[in-house]
Amino acid sequence: MNRNPLTVSVNGAEHVLSVPGDRRLLDLLRDELGLMGVREGCGVGACGTCTVLLDGVPVNACLTLAVTTRGRSVTTIEGLARDGELHPVQQAFLEERGFQCGFCTPGMILTAVGLLRENPSPTVEEVTDYLGGNLCRCAGYPDMIRAVLRGAERCREAGGRPSATPEGPEAARLRAMGKGEEG
Amino acid sequence: MTRTGEGRDARAVGRSVPRVDGAEKVTGRAAYVTDCVVPGMLHAALLRSPLPHARIRRIDAGRAATHPGVSAVVTGADLVQMPGLDPYFGPAFQDQAILAIDKVRFVGDPVAAVAAATREAAREAAQLIEVEYEELSAVLDVQAALRAGAPLVHERLRPSQAFADLMGIEAERQTNVCYHFKLRRGDVERAFAEAAHVFEDTYTSPAAQHAPLEPHVTVAWVTEGGLLHVTSSTQSPSYVRLSLARIFGLPLSKVRVTVPYLGGGYGAKTYDKLEPVTALLALRTRRPVKLQLTREEEFVTIHKHAVTTRIRTGVAADGRLLAREVAVYWDSGAYADIAPRVVHKSGYTAAGPYAIPNVKIDSYCVYTNRPPAGAFRGFGVPQVVWAYESQTDAIATRLGLDPVAYRRAHLLREGDLFATGTPMRSLAVIECLDAVAREIEWGSGLAGSSPPAPEVREAGVPRRVLRGKGVAVGIKAALAPSISGATVMLNADGSASVLSSTVEMGQGSDTLLAQIVAEALGVRVPDVQVVHPDTAVTPYDTITAATRSTFHMGNAVLQAAARVREQLFAIASDRLEVDPDLLRARDGRVFVAEAEDRGLTIPEVFGAAFQAAGTTLVGEAVYQTSAIPTDHETGQSERVTVMWFVGASAAEVEVDLETGQVRVLRFATAADVGRPINPHHCRQQILGSAVTSIGQTLFECLHFEGGQLTNGSFLDYMIAGYRDVPPIITPIIVERAHPEGPYGAKGVGETGALSVAAAIGNAVHAALGVRLRDLPLTPERVLQAMREREPARAARRGQVERGPG
Ligand code: FES
Ligand code: FES
């Protein structure tokens, strides 16, 4: 197959590449750029483990052709931390233990970052909806909902934007779960 | 036995310390086998059978072998010609060939393997292999397989010699039953004759898939020195080493199995899966080879048993359980995998944790021409709990008794004998039941039911719904005998390493083992490095499964650490001129118990013993449990296990009368974990297995047509997602310290999964007055059941909701 020139920014660095037209973004990132945090759970757009941000919007890298990212900017989990400092959402997943085996975690975190870009103060309902396409077979969803809510809080603090919507009772309950002993 | 009294002033155990794998996992740096790239690595693909049962007449691999990029093509015919190779494997029976020899036995059975430069080239080449089959009549379900004169899936069987509990198993000759477990206690027939009521029902639980998000993947290569190195997504590295050594005729020392993080296992990644064929290709090509399954292949590799349970119970007028007779039929598919152990271990619990003097159990492991079934979180117990807890509920409601009170009255207590004749100990099942009942406010409303649901409106349109509450309990025994070995190294700077073959697959074992070592040696948890399984250096461990790692590996690591501590104290006691018994270790120091400022730092102790920097003290231990095998005819054993683990669930559901949709509104699940080493991780395990099990209860089901799986992809097969989490879900830790557990701990990996389906089924019954006997509880099934029971329901309409049996 013919190779196509591709200039794309990945995690802030510009790459000048040449790729076959049918190369998936997933394979480009993993096999050519060594970004192993992009994971393949199904290859058909049904699990969300391969989620990356394309110009800040979550997409399934398994369904995205690499050539369509020409001139755009891709962020993978490897590009989220800055200068060794975790992104507030990563920090929140760490604190709330929003992971077990960790295989779905990069996709979850990036989808959550996408959500918070659109909606800095999501409700539990909105988190559930937005992250609905990301599967976790360890089924740590309650921990992850808490993590996203805490991540939202941290992002707002970092951006100086206080919460616009008060926390509902459901969020408070989820937040209370897993508390009660020292870290 | 190591002293466990230290739990009182424990500071590293009993606390929800942060996970040691956290930073790697939230940054995406945690490495899995799928990320493994070895220079010069080839990629493999498998050609699979399109037929459920057929003789292989001829294979022509000519075109595949010359396809660009292909290095090797191997078929079953090649296997039999390879000198020194034993091509059959399996943990119970060696019934599975690396590639089908003579016969294929399910749609998806691997027939040929290709290694090529790229994954695409390997897959293309596999499709170029021509196979001529002679189709044989197939047995596509258990009923067909049990019929007299049914075609045999296997003509011959050879037991494996890998595990003590499976060495004596015998298949029934000339049938498809590869193992039959029998339990006989008391006189069942007489008891039934005396019973005031007899209940008889058949319950079914469907095949379901584990669906770990990381599919099975293996990389294998051979070093110049003749070492076969296999890195694999396996929960059983020690077993895989043994199996590969046997297959290829190698010394154990020449097989090195390493396991990085696992992207979920849930039982799917136990025993041999891709390792034999990948190793074979590596040996053939003398190149590294990687084989990774597609999601579709994953679905036909292993699944949770489809089970049919016929259960009959005789009850006295006052409600006493006089007799229970259970026949359980397990569809084990084409290869036994670990099924005989599932059939045995779940089989002997099939009457439940109740005081029943007369019990008869028959549990049948049946070969069919379906993909193989094996271990799945709960190891068969959720399927039998579904039957006995649904029926126990039916008994209570029929007798007009409160289902919680009824269970309380008849559950086994400390010292009572189980159906196996084993005295029960450390069993907090009543506490678990009480905890979940309290959590969902059992008793507010009549037996098992909620007050009538308030009118529910959706987009302004009222919906007709009914609500109900249900409970269930479950019991499982730890695998015995079983063995865990561990090595602990304390470094001169006060940091430590743990060498253990326990696989970190999300359960938090790295953190747990680090906590135990930190506690025993008085060092910091983050300074303890847990070395992941590497059979070149990590000692034998039976398996990471069966809720056994906390108890078994926890004990091994605790004992190994205690041996390091003895050495540390021996050196320090010389220096401090004090008896070693008076010494303690904490905060990186060794000091005198009654005079804490009299002490040495760990570096000072090392300085006293060694004339070099960076030295180590090493402790090793092997922890082994024993059991008395169950009697061949009666299933009796005074000690069938060393540890029971019990749990309970309670659900409040809402059933939509128009759509049949079941929604879980409130869910509570309790597990007796012994003493929790890391309470947060215990809750995570309980919650995770509950959420997954809710999905299995309501919708998960593998569909087959003519032996062909028809919904084997994530587009067609739903698993629980965010939206399936009940609005209120509470994990509850119940603590009943185990006398032999490390710091009193038991384990918790499966407990949360045992009783979920039955609790939801019982709640649906409380809501509708209809008992569903087949999982999953899909809307179609609910509507169907309601139609069948319409007269009964109509009679109850308008009353306060309650659930007569
Ligand atoms: S791998 Fe892309 S959605 Fe599953
Ligand atoms: S943490 Fe294991 S799949 Fe989500």
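Can you put B:Glu389, B:Glu155 in order of accessible area, largest first, using a 1.4 Å probe? Walk me through the intermediate numbers first.
Numbers: B:Glu389 0, B:Glu155 100 Å².
Reading off the accessible areas and sorting them downward yields B:Glu155, B:Glu389.
Can you give me the solvent accessible area of B:Trp221 with a 1.4 Å probe, rounded to the nearest 10 Å²?
It works out to around 50 Å².
Taking the full set of protein chains and a 1.4 angstrom probe, give the accessible area of B:Asp774 in square angstrom, rounded to the nearest 10.
Solvent-accessible area, nearest 10 Å²: 60 Å².
Using a probe of 1.4 angstrom, how much of the accessible area of region A:1-130 is carbon and sulfur, in percent? Please list the in-between numbers first.
Working: 2300 of 4940 Å².
Its accessible area is 47 percent carbon and sulfur atoms.
By accessible area of protein heavy atoms, probe 1.4 Å, what ranking do B:Glu135, B:Glu577, B:Glu633 get, highest first? Don't jump to the answer; show the numbers that get you there.
Details: B:Glu135 115, B:Glu577 155, B:Glu633 95 Å².
In descending accessible area the options line up as B:Glu577, B:Glu135, B:Glu633.
Would you kindly find the accessible area of B:His680, with a 1.4 Å probe and non-protein molecules such as ligands, DNA and RNA excluded, rounding to the nearest 10 Å²?
The accessible area comes out at roughly 10 Å².
How many Å² of accessible surface get buried when A and B come together, counting both sides, probe radius 1.4 Å, rounded to the nearest 100?
Details: alone 9500 and 29510 Å², together 34600 Å².
The A and B chains share an interface burying roughly 4400 Å².
If the viscosity is 0.692 mPa s and the temperature 37 °C, what Stokes-Einstein diffusion coefficient in µm²/s follows for the protein assembly as shown when Rh is the Kirkwood radius over Cα pairs?
Details: Rh = 29.4 Å.
Translational D for this selection: 112 µm²/s.
To the nearest 20 Debye, how big is the dipole of chain B about its Cα centre, given +1 on the beta carbon of each Lys and Arg and -1 on that of each Asp and Glu?
Charge dipole, chain B, about its Cα centre: 840 debye, nearest 20.
Between B:Arg463 and B:Arg55, what is the label-to-label distance in nm when each label sits 7 Å out along the Cα-to-Cβ direction?
Distance between label points: 5.7 nm.
Can you put B:Ser626, B:Ser495 in order of accessible area, largest first, using a 1.4 Å probe? Don't jump to the answer; show the numbers that get you there.
On the way: B:Ser626 55, B:Ser495 25 Å².
Sorted by accessible area, descending: B:Ser626, B:Ser495.
Hey, what number do you get for chain A at 222 nm if only DSSP H runs of n ≥ 4 count, each worth -39500 (n - 2.57), divided across all residues, to the nearest 500?
Values: 5 runs with 57 residues, N = 183.
One gets -9500 deg cm²/dmol as the mean residue ellipticity at 222 nm.
Please give the residues from region A:48-94 for which the solvent-accessible area of heavy atoms, probe 1.4 Å, is smaller by at least 20 Å² with all protein chains in place than with the chain isolated.
Hits at the 20 Å² cut-off: A:Ile77, A:Glu78, A:Leu86, A:Gln90, A:Leu94.
Indicate the helices, whole DSSP H runs only, in chain A that combine a mean Kyte-Doolittle hydropathy of 0.0 or more with a Cα extent along their long axis of 15 angstrom or more.
On the way: long enough: A:105-118 (20 Å, 0.86); A:141-159 (26 Å, -0.52).
Taking the DSSP H segments of chain A (at least 15 Å long, mean hydropathy at least 0.0), we get A:105-118.
Putting +1 on Lys and Arg Cβ atoms and -1 on Asp and Glu Cβ atoms, find which of B:Ile101, B:Ala144, B:Ile129 reaches farthest to the positive end of the dipole of region B:16-153.
B:Ala144
Take the cross-link list B:Lys25/B:Lys746; B:Lys182/B:Lys746; B:Lys269/B:Lys360; B:Lys476/B:Lys746 and give me the ones stretching past 23 Å between alpha-carbons. Spell out each step's value before the answer.
Working: B:Lys25/B:Lys746 27 Å; B:Lys182/B:Lys746 28 Å; B:Lys269/B:Lys360 33 Å; B:Lys476/B:Lys746 12 Å.
Beyond 23 Å: B:Lys25/B:Lys746; B:Lys182/B:Lys746; B:Lys269/B:Lys360.
Students often get this wrong: which residues of region A:1-37 have the backbone nitrogen under 15 Å from the point 7 angstrom along Cα-to-C-beta of B:Val37?
Answer for region A:1-37: A:18, A:24-37.
Count the net charge of all other residues whose Cβ sits under 11 Å from the Cβ of B:Val177, scoring Lys and Arg as +1 and Asp and Glu as -1. Can you show the working numbers first?
Working: positive: B:Arg173; negative: B:Glu170, B:Glu172, B:Asp362.
Overall, the nearby charge balance is -2.
Dividing the convex hull volume of the Cα atoms of chain B by its residue count, what figure in Å³ per residue is obtained? Intermediate values should be presented prior to the final figure.
Working: hull volume 139.6 nm³, N = 805.
Spread over its residues, the Cα hull of chain B gives 173 Å³ apiece.
With +1 on each Lys and Arg Cβ and -1 on each Asp and Glu Cβ, and nothing else charged, work out how big the dipole of the protein assembly as shown is about its Cα centre, in Debye to the nearest 20.
Values: 102 positive and 111 negative charges, 209 e Å.
The dipole of the protein assembly as shown has a size of about 1000 debye.
In region A:88-157, with Lys and Arg counted as +1 and Asp and Glu as -1 at Cβ, which of these residues, A:Leu135, A:Phe99, A:Ile145, has the Cα nearest the positive end of the dipole, that is, farthest along it?
Final value for the positive-end residue is A:Phe99.
Antiparallel DSSP bridges in the protein assembly as shown: what percent, to the nearest 5? Could you put the intermediate results ahead of the total?
Numbers: 131 of 164 bridges.
For the protein assembly as shown, the DSSP antiparallel bridge percentage is about 80.
Could I have the simple spin-label model distance between A:Thr123 and B:Leu399, label points 7 Å from Cα toward Cβ, reported in nm to one decimal?
4.7 nm
The values are calculated or read from the model by the stated rules, or taken from the named source; none is laboratory data. If you're wondering where the values come from, they're calculated on a predicted model, not measured in any experiment. So basically every Cβ, Gly included, is an ideal-geometry build from the backbone, and we count neighbours across all protein chains shown. When the accessible area is computed, the model is the full protein with side chains, heavy atoms only, and any ligands, DNA or RNA have been set aside. Shrake-Rupley method; radii C 1.70, N 1.55, O 1.52, S 1.80 Å.
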